[in-house]
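Only the coordinates and a few stated rules stand behind these numbers; no lab work does. Predicted model only: the values in this text are computed from it and were never measured. In this analysis, Cβ positions are derived from the backbone assuming ideal geometry, glycine residues included, and neighbour counts consider all displayed protein chains.
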């Protein structure tokens, strides 16, 4: 065997080894998982300093960070709620009642704990409760279905934008995972009510877990 042939054999063996290892680990995409993490409306208005306080906002923030840092998601997307610029129907009344909040820049900003992640992942503005009205998010959800993943819901407000998003995602055909400690509502009772509603849906459409339970399940798959 001459030197050139020997070098060629070494190269081929190296490539085959890399391919074999890649296949055994499931590849980059499979290692990361096929799920879409949706982080809904983590804005200052819902903190203890805001007018629409969600008492468990701090807990939700910590758990969302844990989920992001886990590296278990194929895609991560943020939303923020912005008041409708051309409201129709009851949204006109909404804008009148909530004018002070709508016009306060700080209240509408994302919480500072999310700043690092907002530089890495897309943030889409919405003027409805459901995140699925955003074309890019709807497309991401459809892609998630195609690769066999689930839409993982986190953020605020549990009984409003999160629940509305859950229903529309289910109608779209997405398996939905609701992360209890990564969502926050206006009270513990309302958070519990959301869990009760989602638990009453078909089990093939919804899964209810806390952060630890989700990550444990994801690691086992």
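Highest-first packing order for the peptide set 168-176, 114-122 is 168-176, 114-122, based on the mean count of other beta carbon atoms within 10 Å. Over the chain, what is the relative contact order in whole percent, taking alpha-carbon pairs under 8 Å and six or more residues apart? That works out to 24 percent. Mean-square fluctuation check for the chain, GNM, Cα pairs under 10 Å: which of 150, 196, 127 is largest? Comparing 150, 196, 127 in the GNM, the peak value goes to 196. Look at the Cα gyration tensor of the range 40-121: its axes a ≥ b ≥ c give a/c of at least 1.5 with a/b over b/c, and that counts as prolate. Against the chain, whose longest principal axis comes from its Cα atoms, helix 188-199 is set at around 50 degrees. In the chain, the alpha-carbon atoms span a convex hull of 153 Å³ per residue. Each stretch of four or more DSSP H residues adds -39500 (n - 2.57); spread over every residue of the chain, this sum gives -13500 deg cm²/dmol at 222 nm.
Taking the chain as the reference, fit the longest principal axis to its C-alpha atoms, fit the long axis of helix 3-24 to the helix C-alpha atoms, and give the angle between the two in degrees, 0 to 90, nearest 10. Roughly 30 degrees, rounded to the nearest 10. Note that the range 162-217 carries a Kirkwood radius of 11.6 Å, evaluated over its alpha carbons pair by pair.
From most to least packed by mean Cβ count within 10 Å, the peptides 197-207, 41-51 give 41-51, 197-207. For the chain, the longest principal axis of the Cα atoms and the long axis of helix 163-172 meet at an angle of about 50 degrees. Note on the chain: with a GNM built from Cα contacts shorter than 10 Å, the maximum mean-square fluctuation among 89, 34, 185 falls on 89.
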